[in-house]
Amino acid sequence: MERVRWKRLICNNYATPKSKFIIWMVLHNRLPTVDRIRRWGINCDARCSLCRSEEESLQHLFFSCDNASAIWREICRLMRFDDSGGLYQDVISSACSQARKKKGKLFVMFFTKSVHAIWRQRNSQIFRESCKDTNVVLRDIFFKVATRCTDVERRRLLM
Ligand SMILES: [Zn+2]
């Protein structure tokens, strides 16, 4: 991930401190994803707990996993971002680089909440062997962003 660009996410971000902390962990590659845990010499199932088809890495979990793609697809649709290339990391990266602009600010909140939600889904699947339906997760993300954004931003979302 392009570090300098992504660092802008921490400033200019109105999401909750807890969500921002997860973003900070992602930016610094500190989240204990399975690929990292295995590099520490701990033997555990390498597969992503959400799709069970590929190795869990930061890149996979937050961008290429079907679970993450479904979330980004819906957010891109809502924000009217062109995701026809299907590379959500590119769309997200360019949107976040405009964090100081109005639309970018709103997207940064969506991004932060989504990353937090994906991480919670992953933990819930690993530790409780259950996770929420993607539609429920999306509703939760929309609700949380809507309660923290300004009236103008909320109107933009509803337009
Ligand atoms: Zn996966």
Selected residue (criterion: nearest to the ligand (Cβ to nearest atom)) from residues of the range 28-42 that are within 15 Å of the chain's Cα centre (by Cα) and surrounded by 15 or more Cβ atoms within 10 Å (Cβ to Cβ):
T33
Determine if the range 100-111 includes at least one residue that is modelled with pLDDT under 75 and closer than 23 Å to M25 by Cα.
yes
What are the residues in the range 52-62 that are surrounded by 23 or more Cβ atoms within 10 Å (Cβ to Cβ) and in a helix (DSSP H, G or I), if any?
L61, F62
The lone exception for T134 - which of (1) within 15 Å of the chain's Cα centre (by Cα); (2) closer than 20 Å to V34 by Cβ; (3) hydroxyl-bearing (S, T, Y) it fails
(2)
Among the residues of the range 107-122, are any within 12 Å of the chain's Cα centre (by Cα), surrounded by 13 or more Cβ atoms within 10 Å (Cβ to Cβ) and without any contact (Cβ under 8 Å) to a residue 24 or more places away in the chain?
yes
Residue match in the range 6-14 (condition: part of a helix (DSSP H, G or I) and either under 27 Å from A146 (Cα atoms) or at pLDDT below 90 (or both))
yes
All positions within the range 43-69 that are within 14 Å of the chain's Cα centre (by Cα) and away from the ligand (no atom under 11 Å from the Cβ)
L58
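The values are calculated or read from the model by the stated rules, or taken from the named source; none is laboratory data. Remember, predicted model here, so these are calculated numbers, not experimental data. Neighbour counts are summed over all protein chains in view; Cβ atoms, including those assigned to glycine, are modelled from backbone coordinates with ideal geometry.
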